[in-house]
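**Student:** The structure's right below; bear with me while I get my questions together.
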Amino acid sequence: MDDTTRYERLLERYRNGDIDRRGFLGLIGAAGLAYGMQTPFARYAHAQDVSQIRFDGWGGVVSEAFREHAFDPYTGKTGIEVVDGTFSGGDEYLAQVRASQPGEYNIAHLSGVFDYARYRNFDLTTELDLANIPNFELVMTRLVEPYRAITPDALSAVPYNYGTTGLAYNRAHLSDEEMQEKGARILIDAAYEGKIGGWSDWRTRIWYGALQTGQDPNDIQDMDAVWDAIRQHRDLALKYWGSGAELMSLLAEEEIYVTEGWSGRIAALQEQGHDIGYYDPPSGFGWQECLFVIKGSPGSACEELLNFMLAPETSIAVAEGQNYPPALDGTKVDLGDKIPTLPAYDPTGTLSGLTFADPEYWNGNEAEWSKQFSRVQRGY
């Protein structure tokens, strides 16, 4: 049996329900090892003498989903090891990449279009050959457009998932009705002093400061009012959290009752049985994440990993594991039963209900605003 036929029969068995998702992904890897499959992955690896690819992401349940559903099966097929690192913030990671040698960092799970623009500005982009990523055709056009606006001639990343940074709250202490009535201002409500949390990210703090003062986050007219709101939140909060794992711990242990939070992490808490509500206020923070190939990386091997990760079977498995909707267009791909129930999911593929940050606006103010937030965070 040739390799293509073997793979197609495995895929047919999976689609017919004869094997489950975990079994399918495992058999892909096992088949590659047992039969010595000379897949395109392996050919690229030999051609480039690539033994490993470094992948950096957000850690926690997200990295666990990548490892189980993408990296281990990919290594089984190709023999290329995926070494995964984690980071808690995009600014720190970008500084590490800029200080590194070309090729030291390969693929990053970056947050939002403004990260893509920043990496372009620092000459860290590559030119992906989309012919090597045929599954790219399944990605929502709406998610691709912002990247093409920044680099019209070539892409350095593929969109992978999306979500929102909405309001998470413990239903034992706050009702759904109160949350919907107060919206973003719940985070500066003195009644919950010492039980409020927030992410230590300047963009998120300013975005919510804009909502709390009735302003458009992409066109703020009164920054003094925003800084005052951020100070109010700082003084009422128990602490700022710095990672998804810390966010989940603070809510699960009831150290805090309310915070803004990442939709997928809140879905994971709900799955664990915690009675945590989630609400996206009007003009709430919508975002998308991409898999960005960093300058100096082995292009073909990275492209094959991206194609593998965008394959519907892999992408859906990862999405179900990390609780964020995939970038795949639900009008082109059957995304199963769970994904349509996730926060922020849009069955139309248009994402018209989400508000995304304007990269030009936010990047243009980054130097001033991030510096000022550091001062406010320290108590000024």
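**Student:** Among the residues of segment 231-266, write down those that are open to solvent by 10 Å² or more (accessible area, probe 1.4 Å) and either within 19 Å of the chain's Cα centre (by Cα) or at pLDDT below 95 (or both).
**Tutor:** GLY242, SER243, ALA245, GLU246, MET248, TRP262
**Student:** Evaluate the following for ARG185: is it in a helix (DSSP H, G or I), basic (Lys, Arg), open to solvent by 30 Å² or more (accessible area, probe 1.4 Å) and modelled with pLDDT of 95 or more?
**Tutor:** Taking the combined requirement at face value, the residue satisfies it.
**Student:** Could you tell me how many of the residues in segment 267-279 are farther than 18 Å from PRO326 by Cβ and in contact with a helix residue (DSSP H, G or I) (Cβ under 8 Å, 6 or more places away or on another chain)?
**Tutor:** Matching residues across segment 267-279 total 7.
**Student:** Can you pull out the residues in segment 347-356 that are open to solvent by 20 Å² or more (accessible area, probe 1.4 Å) and in a loop (DSSP other than H, G, I, E, B)?
**Tutor:** If the condition is that a residue be open to solvent by 20 Å² or more (accessible area, probe 1.4 Å) and in a loop (DSSP other than H, G, I, E, B), then PRO347, THR348, THR350, SER352, GLY353, LEU354 are the ones that fit.
**Student:** Could you list, in sequence order, all residues of segment 308-332 that are out of contact with any Gly (no Cβ under 9 Å at 6 or more places or on another chain) and open to solvent by 20 Å² or more (accessible area, probe 1.4 Å)?
**Tutor:** PRO312, GLU313, GLY321
**Student:** What are the pairs, 6+ residues apart or on separate chains, where a residue within segment 163-179 that is open to solvent by less than 10 Å² (accessible area, probe 1.4 Å) has its Cβ under 6 Å from a residue that is in a loop (DSSP other than H, G, I, E, B) and at pLDDT below 95?
**Tutor:** Close Cβ pairs (under 6 Å, with a partner that is in a loop (DSSP other than H, G, I, E, B) and at pLDDT below 95) amount to GLY163/TYR324; GLY163/ALA344; THR164/ASP280; THR164/GLY284; THR164/ALA344; GLY166/ASP280; GLY166/GLY284.
**Student:** Something else: What's the number of the only condition in (1) within 29 Å of VAL83 (Cα to Cα); (2) modelled with pLDDT under 90; (3) more than 17 Å from the chain's Cα centre (by Cα) that GLY321 fails to meet?
**Tutor:** Here GLY321 meets the rest and fails (3).
**Student:** Taking the criterion of being closer than 24 Å to PHE71 by Cα and free of Cβ contacts under 8 Å to residues at least 40 places away in the same chain, would at least one residue in segment 278-288 satisfy it?
**Tutor:** no
**Student:** Among ASP216, ASP222, which is the only one that is in contact (Cβ under 8 Å) with a residue 60 or more places away in the chain, among the acidic types (Asp, Glu) and touching a Ser or Thr at 6+ places or on another chain (Cβ under 8 Å)?
**Tutor:** After applying the criteria, what remains is ASP216.
**Student:** Go through THR86, THR125 for me and flag whichever is touching a helix residue (DSSP H, G or I) at 6+ places or on another chain (Cβ under 8 Å), over 23 Å from LEU335 (Cβ atoms), of a type in the set (S, T, N, Q) and in contact (Cβ under 8 Å) with a residue 40 or more places away in the chain.
**Tutor:** Exactly one of THR86, THR125 is touching a helix residue (DSSP H, G or I) at 6+ places or on another chain (Cβ under 8 Å), over 23 Å from LEU335 (Cβ atoms), of a type in the set (S, T, N, Q) and in contact (Cβ under 8 Å) with a residue 40 or more places away in the chain, namely THR125.
**Student:** Something else now. I'd like the full set of residues that are over 15 Å from VAL158 (Cβ atoms) and surrounded by 22 or more Cβ atoms within 10 Å (Cβ to Cβ), limited to segment 280-297.
**Tutor:** Listed by number, the residues that qualify are GLY284, PHE285, TRP287.
**Student:** Taking the criterion of being out of contact with any Pro (no Cβ under 7 Å at 6 or more places or on another chain), buried (at least 21 other Cβ atoms within 10 Å of the Cβ), under 22 Å from GLY364 (Cβ atoms) and charged (D, E, K, R), would at least one residue in segment 100-117 satisfy it?
**Tutor:** yes
**Student:** Here's something else I'd like to know. So, of the residues in segment 126-159 that are closer than 21 Å to TYR361 by Cβ and not in a helix (DSSP H, G or I), which turns out to be most open to solvent (accessible area, probe 1.4 Å)?
**Tutor:** PRO152
**Student:** Within segment 188-213, can you find the residues that are charged (D, E, K, R) and without any contact (Cβ under 8 Å) to a residue 60 or more places away in the chain?
**Tutor:** Matches in segment 188-213: ASP189, GLU193.
**Student:** Determine whether segment 333-343 contains at least one residue that is of a type outside the set (A, V, I, L, M), crowded, with 18+ Cβ neighbours inside 10 Å and in contact (Cβ under 8 Å) with a residue 12 or more places away in the chain.
**Tutor:** Looking for residues that are of a type outside the set (A, V, I, L, M), crowded, with 18+ Cβ neighbours inside 10 Å and in contact (Cβ under 8 Å) with a residue 12 or more places away in the chain, one finds at least one in segment 333-343, hence yes.
For every residue, the table says whether it meets (1) in contact with a strand residue (DSSP E or B) (Cβ under 9 Å, 6 or more places away or on another chain); (2) within 20 Å of VAL113 (Cα to Cα).
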position: TRP287; (1), (2): yes, yes
position: SER300; (1), (2): no, no
position: PRO312; (1), (2): yes, no
position: GLY330; (1), (2): no, no
position: ASP334; (1), (2): no, no
position: THR341; (1), (2): no, no
position: ASN365; (1), (2): no, yes
position: PHE373; (1), (2): no, no
position: TYR380; (1), (2): no, no
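The values are calculated or read from the model by the stated rules, or taken from the named source; none is laboratory data. Worth saying up front: this structure is predicted, and the values here are computed from it rather than measured. Neighbour counts run over all protein chains shown; Cβ positions are idealised from the backbone, glycine included. Heavy atoms of the whole protein, side chains included, go into the accessibility calculation; ligands, DNA and RNA do not. Shrake-Rupley method; radii C 1.70, N 1.55, O 1.52, S 1.80 Å.
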